[in-house]
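The values are calculated or read from the model by the stated rules, or taken from the named source; none is laboratory data. Being a predicted model, the structure only gives us computed values, none of them experimental. Note: ideal-geometry Cβ built from the backbone for every residue, glycine included; neighbour counts use all protein chains shown.
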Amino acid sequence: MSSVVSYAIHDSVGVITIDNAPVNALSLNVRAGISTALKTAEHDESIAIVIACAGRTFIAGADITEFGKPPQHPTLPELLDQLDGHPKLTVAALHGTALGGGFETALSCHYRIALESAKVGLPEVKLGLLPGAGGTQRVPRLAGLEASINMMTTGNPVSAQLASTWSLVDRVVSGDLLDEAVRYAKTLVADQASHKQARAATFVLTQDDRDLLAKNRAQLLKKTRGENAPQRILSCIEAAADLEFDAGIIRERELFMECMADPQSAAMRHMFFAERAAAKVDGVDKNTPLVNVQHVGIIGAGTMGGGIAMCFAQAGFTVTLVDMSVEAVQAGVDKIAKNFAISIKRGRFTQTQVDAVMANITPSTHYEDLAEADLVIEAVFENLAIKQDVFRSLDSICKAGAILASNTSYQSIDDIASVTKRPEWVLGMHFFSPANVMKLLEVVKGAKSSLSVIATAMAIGKKIAKVPVLSGMCYGFIGNRMLRPYGREATLCLMEGATPAQIDGAMERWGMAMGPLAVGDLAGLDIGYKAREQLTDAQKGSPANYLVADRLVEAGRLGQKSGSGYYQYDPETRSRMDDPLVMEMVEQACQELGIERRPISDEEIIDRLTLALANEGAKILEEGIAQRASDIDVVYCYGYGFPRLKGGPMHNLEATGIGRGADRIRSFHDTLSADNWQLSKLLGDVAQGTSTLADFRHD
């Protein structure tokens with residue numbers, strides 16, 4: 001036995017117990033311990049075997065740190081072969097989550113018993129992988145085609161009850177799981193139940209089934225923006241019908257190794273670790289005291305404030321939503337109720353659940369109702385003077401020890417904090433629109449923000465199901481600061497020779513959720529216009545960067561909300577259409593500025609936009625605004641639609657070659673935006689092999 005696996009006989013049933021905190025991952029010592037226990041059980045007096053786990057969960061997956069390393073025996077497939085062919089009847093006892101290799105282990109047992117609260121799943125697709133230890137061959141044989149597609153191409157866990165309807169779980173129970181599992185195993189033996197192997201079940205595809213597979217291939221290719229793993233999963237499901245089990249396992253292994261070698265999977269695995277690293281704040285240890293936050297105040301009941309209120313109310317916080325008038329705050333509450341009604345219609349919530357969440361929200365028109373709030377988040381108009389007025393009021397009303405946060409996208413947290421007598425209790429909590437959907441939360445530390453307040457904001461971000469990333473103070477923080485050169489290059493490509501459709505099409509085919517000009521139309525071109533009004537001519541830069549955008553706004557073309565921007569929009573479907581008037585405006589602006597248009601390739605567009613992000617990201621690292629390069633990747637994948645299969649702008653730069661990227665940046669000195677392409681010192685150093693982006697830390 002190993003230190004993390006024990007074996008004992010309980011009432012004539014051999015019980016293998018895995019105790020590998022925190023999630024009982026299938027590391028080498030766990031696999032070796034299970035293998036040893038199975039060998040012991042072959043020759044002892046036990047009549048059956050139960051595999052169970054200590055702690056809060058069944059095996060929640062393979063040990064991801066072993067990915068890409070030479071295999072060590074017993075490998076998981078070797079262990080599951082041993083389990084699958086064991087001479088004694090085997091039962092997996094599931095609680096918590098049985099995921100990935102953990103669920104594949106359970107599927108290799110003859111029977112599965114689960115607590116009502118348990119969930120099972122095969123989430124490998126989220127890492128650009130497929131279940132590689134028999135999951136793609138056993139699940140179809142047990143659950144059929146549609147359930148297999150659903151489970152493996154989404155990667156989402158399902159309840160024990162649903163799994164039981166799919167024949168993936170044999171019994172769902174409440175009470176003491178181990179007692180129930182031992183009793184179940186004894187009953188099965190007494191009833192002379194067969195050793196039910198998933199490998200022996202029959203899986204047949206009709207022509208209608210094959211048509212459904214083909215339909216799913218096309219849908220997934222579009223939905224996942226070109227991810228390869230879902231397509232390979234469908235090929236494995238097809239193999240489960242067309243091949244004998246052992247041959248299907250060989251095919252699964254071939255396609256699994258293709259996934260492992262695929263840059264997409266490397267990028268998605270990078271994001272898996274990046275998300276976890278982003279939650280760690282340098283200088284903050286686990287003993288840093290956190291503020292006890294239960295009551296949250298939100299100022300501003302508009303789109304952002306209402307979305308933020310939804311996040312906190314769903315997480316069980318008491319929320320006071322404040323706006324200037326009864327009409328404004330009621331409109332905000334009505335919008336929240338409307339959003340939840342859509343969720344009910346889609347089956348995400350029941351009316352009872354929504355009623356409970358709405359009960360957490362109290363509307364108000366008085367700041368005084370925030371006197372006892374533990375955290376107050378300001379979400380008013382993006383204007384420094386207005387925000388400072390709000391914080392002056394909060395400083396005089398809120399109790400000592402209350403955290404005051406701004407949802408600002410650009411403004412200085414230090415300038416906002418300066419009007420209070422508690423700057424150490426002030427920071428930024430920058431949500432992304434729509435706040436109830438978007439997962440990113442930029443936590444922005446001011447010069448005087450305390451470590452306790454920062455740590456509390458990061459912890460709260462996780463409680464409300466966000467991915468928090470810490471940013472230092474600069475204009476636009478991490479995400480919006482990088483968005484400026486990205487948007488600038490999109491505009492300059494338009495001025496130099498491209499069309500809106502070419503620019504957006506190139507980026508969307510490359511993998512972005514939306515192209516930059518389409519995003520501008522979606523957000524509203526007037527937002528950037530109003531932001532530029534607060535800048536000096538020097539801060540704005542060359543008129544080539546913004547002249548067309550300004551003229552679109554001045555012509556009433558604000559984007560989707562006005563029916564036109566860079567595109568015309570269908571009033572019902574909001575589908576975008578090219579508009580010749582836009583190109584007339586572009587050509588007129590080019591004539592005024594003396595710009596000679598030329599053909600521009602898709603490759604140039606993609607390089608200019610992605611390298612603009614990466615080069616600015618490197619400057620952000622140099623300045624210590626971001627803690628690590630992977631934090632920047634998290635910001636862009638979760639907040640700006642950067643494709644996870646590319647791993648974020650910094651990972652993408654490293655994956656495609658920093659030397660190549662540095663050379664391309666230098667080559668752009670010949671473009672209209674020559675002054676914008678100043679290679680960051682960090683990228684220059686890394687290109688020369690003197691450091692790496694992943695290892696860089698600001699002194």
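Could you tell me whether residue 362 is surrounded by fewer than 18 Cβ atoms within 10 Å (Cβ to Cβ), of a type in the set (S, T, N, Q) and more than 21 Å from residue 329 (Cα to Cα)? Steps first, answer last, please.
Working: surrounded by fewer than 18 Cβ atoms within 10 Å (Cβ to Cβ): yes; of a type in the set (S, T, N, Q): yes; more than 21 Å from residue 329 (Cα to Cα): no.
Criteria not met by residue 362.
Would segment 59-75 turn up any residue that is among the polar types (S, T, N, Q) and assigned to a helix (DSSP H, G or I)?
Residues of segment 59-75 among the polar types (S, T, N, Q): 65, 72, 75.
If we keep only those that are assigned to a helix (DSSP H, G or I) too, we end up with 65.
Yes; the residues of segment 59-75 include at least one that is among the polar types (S, T, N, Q) and assigned to a helix (DSSP H, G or I).
For (1) in contact with a Leu (Cβ under 7 Å, 6 or more places away or on another chain); (2) of a type outside the set (S, T, N, Q), each residue gets a yes or a no:
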residue: 36; (1), (2): no, no
residue: 43; (1), (2): no, yes
residue: 55; (1), (2): no, yes
residue: 58; (1), (2): yes, yes
residue: 82; (1), (2): yes, no
residue: 86; (1), (2): yes, yes
residue: 89; (1), (2): yes, yes
residue: 95; (1), (2): yes, yes
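Go over the candidates 175, 144 one by one and state the one that is over 22 Å from residue 78 (Cβ atoms) and modelled with pLDDT under 95. Spell out how you get there, then give the answer.
Values: 144 fails: modelled with pLDDT under 95.
None of the others qualify; the one that does is 175.
Could you run through segment 477-503 and say how many residues are surrounded by 24 or more Cβ atoms within 10 Å (Cβ to Cβ), at negative phi and part of a loop (DSSP other than H, G, I, E, B)?
Residues meeting the conditions: 2.
Please return the ranges of helices (runs of 4 or more DSSP H) entirely within segment 90-177 where 1 or more residues are of a type in the set (Phe, Trp, Tyr), assigned by TED's automatic domain parsing to the domain that holds residue 229 and in contact (Cβ under 8 Å) with a residue 12 or more places away in the chain. Walk me through how you get there before you give the answer.
Numbers: elements: 101-107, 135-143, 145-154, 160-165.
Per the criteria, 101-107.
Only one of these is at pLDDT below 95, within 25 Å of residue 219 (Cα to Cα) and buried (at least 24 other Cβ atoms within 10 Å of the Cβ): 132, 128. Name it.
Values: 128 fails: at pLDDT below 95.
Step by step, each of 132, 128 is checked, and only 132 is at pLDDT below 95, within 25 Å of residue 219 (Cα to Cα) and buried (at least 24 other Cβ atoms within 10 Å of the Cβ).
Within segment 264-273, can one find any residue that is of a type outside the set (Asp, Glu), out of contact with any Leu (no Cβ under 6 Å at 6 or more places or on another chain), assigned by TED's automatic domain parsing to the domain that holds residue 405 and part of a helix (DSSP H, G or I)?
Checked against the condition, which is being of a type outside the set (Asp, Glu), out of contact with any Leu (no Cβ under 6 Å at 6 or more places or on another chain), assigned by TED's automatic domain parsing to the domain that holds residue 405 and part of a helix (DSSP H, G or I), segment 264-273 yields no hits at all.
Please identify the pairs in which a residue from segment 552-579 that is under 17 Å from residue 505 (Cβ atoms) has its Cβ atom under 8 Å from the Cβ atom of a residue that is crowded, with 21+ Cβ neighbours inside 10 Å and of a type in the set (Val, Ile, Thr), counting only partners at least 6 apart or on another chain.
The qualifying pairs are 566/582; 567/582.
Are any residues in segment 263-279 charged (D, E, K, R) and touching a residue at least 12 places away in the same chain (Cβ under 8 Å), and if so, which ones? Steps first, answer last, please.
First, the residues of segment 263-279 that are charged (D, E, K, R): 269, 275-276.
Within segment 263-279, 269, 275 qualify.
Filter segment 11-27 down to residues that are assigned to a strand (DSSP E or B) and under 18 Å from residue 43 (Cβ atoms), then give me how many there are. I'd like the intermediate steps shown before the answer.
If we filter segment 11-27 for residues that are assigned to a strand (DSSP E or B), which is where we start, we get 13-18, 26.
If we keep only those that are under 18 Å from residue 43 (Cβ atoms) as well, we get 13-16.
Total meeting the criteria: 4.
Just the residues that are buried (at least 16 other Cβ atoms within 10 Å of the Cβ) and either assigned to a helix (DSSP H, G or I) or touching a Leu at 6+ places or on another chain (Cβ under 7 Å) (or both), please, taken from segment 313-327. Don't jump to the end; show me each part of the working.
Filtering segment 313-327 for residues buried (at least 16 other Cβ atoms within 10 Å of the Cβ) gives 313-315, 317-323.
Hits for segment 313-327 are 313, 314, 320, 322.
Step by step: first the residues of segment 218-230, then only those that are touching a helix residue (DSSP H, G or I) at 6+ places or on another chain (Cβ under 6 Å) and not in a loop (DSSP other than H, G, I, E, B), then the one that is surrounded by the fewest Cβ atoms within 10 Å (Cβ to Cβ). Which residue is that?
The qualifying residue surrounded by the fewest Cβ atoms within 10 Å (Cβ to Cβ) is 220.
Using the structure shown, decide if residue 65 is surrounded by fewer than 23 Cβ atoms within 10 Å (Cβ to Cβ), farther than 23 Å from residue 272 by Cβ, β-branched (Val, Ile, Thr) and without any contact (Cβ under 8 Å) to a residue 40 or more places away in the chain.
Numbers: surrounded by fewer than 23 Cβ atoms within 10 Å (Cβ to Cβ): yes; farther than 23 Å from residue 272 by Cβ: no; β-branched (Val, Ile, Thr): yes; without any contact (Cβ under 8 Å) to a residue 40 or more places away in the chain: yes.
The answer is no for residue 65.
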